[in-house]
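The values are calculated or read from the model by the stated rules, or taken from the named source; none is laboratory data. None of the values given here were measured: they were computed from a predicted structure. When we count neighbours, we look across all protein chains shown, and the Cβ atoms used for this are built from the backbone with ideal geometry, even at glycine.
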Amino acid sequence: MSDKIIIIGSGVSGITTALTLQLLGYETEIITAKVPTEIANKNAHPDFASLFPSASIIPHSVYSHRLEELFKLSQSFFYELRKQVFPGLTINKHFEIFEFEPDQPNYCEWMLNLELIDNLPDDTIPRRSDDKSLNGWVFDCVFADWSLYFPALIALYQQSGGTITKQKLARKDISNLSSEVIINCSGAGGPLLFEDPSENQLIMRGHLLHKANAPLITNSADEITSYNYTPQPDVYSDAEGNTCDVYCYPRKDGWILGGSRQVGELKKSNTWESLNDSSTYTIDGIQFPQEIISLNNEILSYTYDHSFEVSDDITPSVGYRYIRNRKNGLRLHQENVSGKTVYHNYGHGGAGVTLSWGCALEITHEITTKKTKELKTELLKNISKIDMKKLS
Ligand SMILES: Cc1cc2nc3c(=O)[nH]c(=O)nc-3n(C[C@H](O)[C@H](O)[C@H](O)COP(=O)(O)OP(=O)(O)OC[C@H]3O[C@@H](n4cnc5c(N)ncnc54)[C@H](O)[C@@H]3O)c2cc1C
């Protein structure tokens with residue numbers, strides 16, 4: 001038996017974890033049912049979440065008792081990668097705006113340069129008309145431009161000697177894998193491969209529109225600006241009456257317009273079943289909430305003098321955020337299965353990109369017993385030797 005470590009899954013969790021170990025001197029192999037670089041039509045694979053992220057580094061729609069610690073570790077790593085000009089990483093001035101008084105989530109305190117909007121000039125705040133009283137905040141936020149960042153991450157893993165093998169595993173295959181240590185990053189496939197103690201298997205479906213050929217939206221200091229905007233519940237809410245938000249994240253390849261958070265359940269067949277459905281608009285056979293178009297258009301035209309029409313350069317997509325449960329959905333846990341030491345790393349909900357480096361470093365700490373701080377420093381030192389231009 002070799003000292004190799006096998007990682008199951010080639011989403012952002014699997015690639016980041018495997019890359020971390022590989023760059024720290026371990027031999028790794030990813031075994032995966034689906035390989036992201038081989039997929040042409042992502043809408044045929046809604047369960048493969050890493051084909052879809054928007055990808056803001058904010059802990060939205062994720063549940064973990066260790067969220068603060070993991071988020072801060074991950075966020076600080078992204079800031080360091082950005083300093084090293086890793087492909088696709090930007091820092092936005094990101095607004096979270098509400099047409100009512102919201103409870104401020106804990107994560108606001110973890111974001112850099114947080115400011116309430118009360119003291120900002122009105123014309124800098126995303127709004128859809130001038131007669132709404134708004135609440136909210138703005139902070140600095142890392143964004144991963146997915147069409148650049150994810151391919152670069154995969155390329156770096158392969159350049160570093162990591163291998164990706166395509167194979168859909170079943171439970172009976174685990175005991176025959178050629179390594180003692182297995183890291184399970186199989187996302188929504190997790191409960192089919194291993195026993196899962198969670199009673200709920202919640203999925204939050206998300207709709208996105210990609211508008212190509214759209215300009216970057218910047219403020220007077222030339223900083224990229226993005227927003228999440230939540231109107232009154234009677235304007236946009238799900239079937240249970242929960243308010244929903246829309247958003248616009250400008251990227252080099254256009255705008256990512258969202259969103260929806262439709263809760264459903266993962267059935268034994270690994271398919272999603274809706275607990276409610278509010279889709280009302282159809283593009284390319286895909287139904288999605290019409291508010292993504294109407295509300296974003298109101299905000300973009302009122303605040304930024306931009307708008308868009310439903311035309312050929314708009315591509316819809318629908319993917320699943322695997323929340324698991326709303327108490328401690330993220331499963332970052334070690335157990336012995338079929339004679340193997342298995343580290344689980346799944347259930348990241350709407351924040352798998354956000355938590356990717358934090359979870360990868362935490363698992364590496366479990367395996368090596370070295371402190372995460374030391375591992376982070378060593379990893380960044382090794383990444384600094386890489387010619388980033390060769391990854392683009
Ligand atoms: C619309 C939308 C917007 C989002 N926006 C953001 C955002 O702004 N920021 C953010 O941080 N996150 C965001 N997310 C969430 C993020 O995309 C996910 O949390 C993340 O991609 C999960 O990655 P993962 O690697 O854990 O799982 P996945 O990407 O689902 O990968 C699972 C892997 O396991 C493999 N696998 C499964 N079963 C088996 C098996 N039996 N044998 C072998 N391989 C198997 C699959 O083939 C796949 O390679 C968003 C998600 C959606 C849907």
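Determine, yes or no, whether Ser13 is in contact with a Phe, Trp or Tyr (Cβ under 8 Å, 6 or more places away or on another chain), touching a residue at least 12 places away in the same chain (Cβ under 8 Å) and either hydrophobic (A, V, I, L, M, F, W, C) or more than 30 Å from Asp123 (Cα to Cα) (or both). Lay out the reasoning, then the answer.
On the way: in contact with a Phe, Trp or Tyr (Cβ under 8 Å, 6 or more places away or on another chain): yes; touching a residue at least 12 places away in the same chain (Cβ under 8 Å): yes; either hydrophobic (A, V, I, L, M, F, W, C) or more than 30 Å from Asp123 (Cα to Cα) (or both): yes.
It is true that Ser13 is in contact with a Phe, Trp or Tyr (Cβ under 8 Å, 6 or more places away or on another chain), touching a residue at least 12 places away in the same chain (Cβ under 8 Å) and either hydrophobic (A, V, I, L, M, F, W, C) or more than 30 Å from Asp123 (Cα to Cα) (or both).
Which residue is farthest from the ligand (Cβ to nearest atom), if the candidates are limited to region 183-197 and must be aliphatic (A, V, I, L, M) and touching a strand residue (DSSP E or B) at 6+ places or on another chain (Cβ under 6 Å)?
Of all residues in region 183-197, those aliphatic (A, V, I, L, M) come to 183, 188, 192-193.
Cutting the leftovers down to touching a strand residue (DSSP E or B) at 6+ places or on another chain (Cβ under 6 Å) gives us 183, 188.
Working: Ile183: 11, Ala188: 6 Å.
My answer is Ile183.
Count, please, the residues in region 114-137 that happen to be under 24 Å from Val353 (Cα atoms) and either hydroxyl-bearing (Ser, Thr, Tyr) or in contact with a Leu (Cβ under 7 Å, 6 or more places away or on another chain) (or both).
Looking only at that region, the number is 1.
Before we move on, is Lys381 within 21 Å of the chain's Cα centre (by Cα) and more than 16 Å from the ligand (Cβ to nearest atom)? Reasoning before the result, please.
On the way: within 21 Å of the chain's Cα centre (by Cα): no; more than 16 Å from the ligand (Cβ to nearest atom): yes.
Considered against the rule, which asks whether it is within 21 Å of the chain's Cα centre (by Cα) and more than 16 Å from the ligand (Cβ to nearest atom), Lys381 comes out as no.
Could you run through region 306-325 and say how many residues are at pLDDT 95 or above and out of contact with any helix residue (DSSP H, G or I) (no Cβ under 9 Å at 6 or more places or on another chain)?
Looking only at that region, the number is 1.
Any residue at all in region 339-359 that's at pLDDT below 95 and surrounded by 15 or more Cβ atoms within 10 Å (Cβ to Cβ)?
Taking region 339-359 first, the residues at pLDDT below 95 are 339.
Narrowing further to those that are surrounded by 15 or more Cβ atoms within 10 Å (Cβ to Cβ): none.
Scanning region 339-359, I find no residue that is at pLDDT below 95 and surrounded by 15 or more Cβ atoms within 10 Å (Cβ to Cβ), so the answer is no.
Among the residues of region 80-94 satisfying the criterion of being closer than 19 Å to Asp253 by Cβ and in contact with a helix residue (DSSP H, G or I) (Cβ under 9 Å, 6 or more places away or on another chain), which is surrounded by the fewest Cβ atoms within 10 Å (Cβ to Cβ)? Explain how you work it out, then say what you get.
Filtering region 80-94 down to residues closer than 19 Å to Asp253 by Cβ leaves 82, 85-92, 94.
Still in the list and also in contact with a helix residue (DSSP H, G or I) (Cβ under 9 Å, 6 or more places away or on another chain): 85-91.
Numbers: Val85: 10, Phe86: 21, Pro87: 20, Gly88: 22, Leu89: 20, Thr90: 20, Ile91: 17.
Among those that are closer than 19 Å to Asp253 by Cβ and in contact with a helix residue (DSSP H, G or I) (Cβ under 9 Å, 6 or more places away or on another chain), it is Val85.
Being more than 24 Å from Leu361 (Cα to Cα), part of a loop (DSSP other than H, G, I, E, B), at pLDDT below 95 and polar (S, T, N, Q), is that true of even one residue in region 154-167? Spell out how you get there, then give the answer.
We begin by selecting, within region 154-167, every residue more than 24 Å from Leu361 (Cα to Cα); these are 166-167.
Retained after the next criterion (residues that are part of a loop (DSSP other than H, G, I, E, B)): 167.
Restricting the remaining residues to those that are at pLDDT below 95 gives none.
For region 154-167, residues more than 24 Å from Leu361 (Cα to Cα), part of a loop (DSSP other than H, G, I, E, B), at pLDDT below 95 and polar (S, T, N, Q): absent.
Taking the conditions exactly as written (within 24 Å of Leu19 (Cα to Cα) and within 11 Å of the ligand (Cβ to nearest atom)), does Ile91 satisfy them or not?
Working: within 24 Å of Leu19 (Cα to Cα): yes; within 11 Å of the ligand (Cβ to nearest atom): no.
No.
From the list Leu153, Leu51, which one is under 20 Å from Ser10 (Cα atoms), in contact with a Pro (Cβ under 7 Å, 6 or more places away or on another chain), within 16 Å of the ligand (Cβ to nearest atom) and aliphatic (A, V, I, L, M)? Please lay out each step first, then the result.
Working: Leu153 fails: in contact with a Pro (Cβ under 7 Å, 6 or more places away or on another chain).
Result of the check over Leu153, Leu51: Leu51.
Looking only at strands (runs of 3 or more DSSP E) that lie completely in region 198-268, which have at least 2 residues being modelled with pLDDT under 95, more than 27 Å from Asp140 (Cα to Cα) and within 16 Å of the ligand (Cβ to nearest atom)?
Values: elements: 202-211, 225-230, 246-251, 254-258, 262-266.
In region 198-268, the matching strands (runs of 3 or more DSSP E) lie at 202-211, 262-266.
Taking the criterion of being assigned to a strand (DSSP E or B) and more than 7 Å from the ligand (Cβ to nearest atom), would at least one residue in region 14-23 satisfy it? Walk me through it before giving the result.
Of region 14-23, the ones assigned to a strand (DSSP E or B) are none.
Looking through region 14-23, none of the residues is assigned to a strand (DSSP E or B) and more than 7 Å from the ligand (Cβ to nearest atom).
Given the condition among the charged types (D, E, K, R), crowded, with 22+ Cβ neighbours inside 10 Å, touching a residue at least 60 places away in the same chain (Cβ under 8 Å) and under 28 Å from Asp47 (Cβ atoms), answer yes or no: does some residue in region 258-275 qualify?
Filtering region 258-275 for residues among the charged types (D, E, K, R) gives 261, 265, 267-268, 273.
This time we only want the ones that are crowded, with 22+ Cβ neighbours inside 10 Å, so: none.
No, region 258-275 contains no residue that is among the charged types (D, E, K, R), crowded, with 22+ Cβ neighbours inside 10 Å, touching a residue at least 60 places away in the same chain (Cβ under 8 Å) and under 28 Å from Asp47 (Cβ atoms).
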